[in-house]
Amino acid sequence: HGPVTLTDGVLRLGAGVPMTGVAYTGKAELPLKDYEVSFEARRVEGEDFFAALTFPVRDKDTAATWVLGGWGGKCVGISSIQFQSADENETTNWIEFTTGTWYRFRLQVRENRLTGFIDDKQIFDADTEGKKITMRFGDIEFCRPLGFASYSTVGEVKNLKIAKLPAP
């Protein structure tokens with residue numbers, strides 16, 4: 001894993017070989033549904049995901065990852081829905097991220113729906129009712145229950161907020 005620092009409210013994930021990750025270890029219970037996670041992130045150097053967000057879904061044993069800039073730098077999506085990774089399910093998008101530019105990310109997690117926004121533009125709204133939500137096998141699992149990871153890339157994250165949403 002690469003170095004991790006927290007300076008002036010900015011979490012820096014150094015380039016790992018291949019991955020660097022962090023996970024929440026606090027005592028406060030995390031929400032499992034009807035919540036929103038928002039943050040800002042940027043790629044500092046490298047060509048792959050720079051701030052993949054792992055988050056709980058439905059219950060304390062289920063999590064998924066919102067990949068941001070994976071598969072060579074442009075793939076955005078949830079890993080995994082119905083055992084399909086971020087590059088092959090209904091949340092898949094291909095977005096050009098400019099190195100050094102801060103982007104605003106927002107993810108709404110409902111029991112049966114995941115909705116993602118980048119810079120206030122909705123990029124997916126996935127109905128997950130009856131679908132299996134899982135994580136990809138490997139080091140990303142160490143980011144559970146809530147955490148960030150970068151893949152052979154230096155990334156930075158700031159202004160992380162978690163807010164409860166009203167029940168639908």
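The values are calculated or read from the model by the stated rules, or taken from the named source; none is laboratory data. As the structure is a prediction and not an experimental result, all values here were calculated from the model. Because the Cβ atoms are built from the backbone with ideal geometry, glycine has one as well, and the counts that use them run over all protein chains shown. Each accessible area value is taken on the protein alone, full model and side chains, heavy atoms only, with ligands, DNA and RNA left out. Shrake-Rupley method; radii C 1.70, N 1.55, O 1.52, S 1.80 Å.
One line per residue, one yes/no per condition, for (1) within 20 Å of PRO31 (Cα to Cα); (2) within 13 Å of the chain's Cα centre (by Cα):
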site	(1), (2)
TRP94	no, no
ARG106	yes, yes
PHE148	yes, yes
VAL154	no, no
VAL157	no, yes
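Out of the residues in region 73-112 that are among the charged types (D, E, K, R) and without any contact (Cβ under 8 Å) to a residue 40 or more places away in the chain, which is most open to solvent (accessible area, probe 1.4 Å)?
Result: GLU96.
If TYR35 passes every condition in (1) closer than 23 Å to PHE137 by Cβ; (2) modelled with pLDDT of 95 or more; (3) surrounded by 17 or more Cβ atoms within 10 Å (Cβ to Cβ); (4) not β-branched (Val, Ile, Thr) but one, which one does it miss?
(1)
Give me a count of the residues in region 120-129 that are open to solvent by less than 60 Å² (accessible area, probe 1.4 Å) and either not β-branched (Val, Ile, Thr) or not in a strand (DSSP E or B) (or both).
3
Restricted to region 43-67, and to residues that are assigned to a strand (DSSP E or B) and open to solvent by 30 Å² or more (accessible area, probe 1.4 Å), which residue is nearest to LYS158 (Cα to Cα)?
VAL44
Could you tell me whether LYS74 is more than 26 Å from PRO166 (Cα to Cα), among the basic types (Lys, Arg) and over 13 Å from the mean Cα position of the chain (by Cα)?
Yes: the conditions hold for LYS74.
From the residues in region 1-32 that are touching a Ser or Thr at 6+ places or on another chain (Cβ under 9 Å) and assigned to a strand (DSSP E or B), which one is most open to solvent (accessible area, probe 1.4 Å)?
ARG12
Across region 132-153, what is the number of residues that are in a loop (DSSP other than H, G, I, E, B) and either out of contact with any helix residue (DSSP H, G or I) (no Cβ under 9 Å at 6 or more places or on another chain) or within 19 Å of GLY73 (Cα to Cα) (or both)?
Number satisfying all stated conditions: 10.
Would you say LYS132 is more than 12 Å from the chain's Cα centre (by Cα), within 15 Å of ALA64 (Cβ to Cβ) and open to solvent by 80 Å² or more (accessible area, probe 1.4 Å)?
Yes; evaluated as a whole, the condition is true for this residue.
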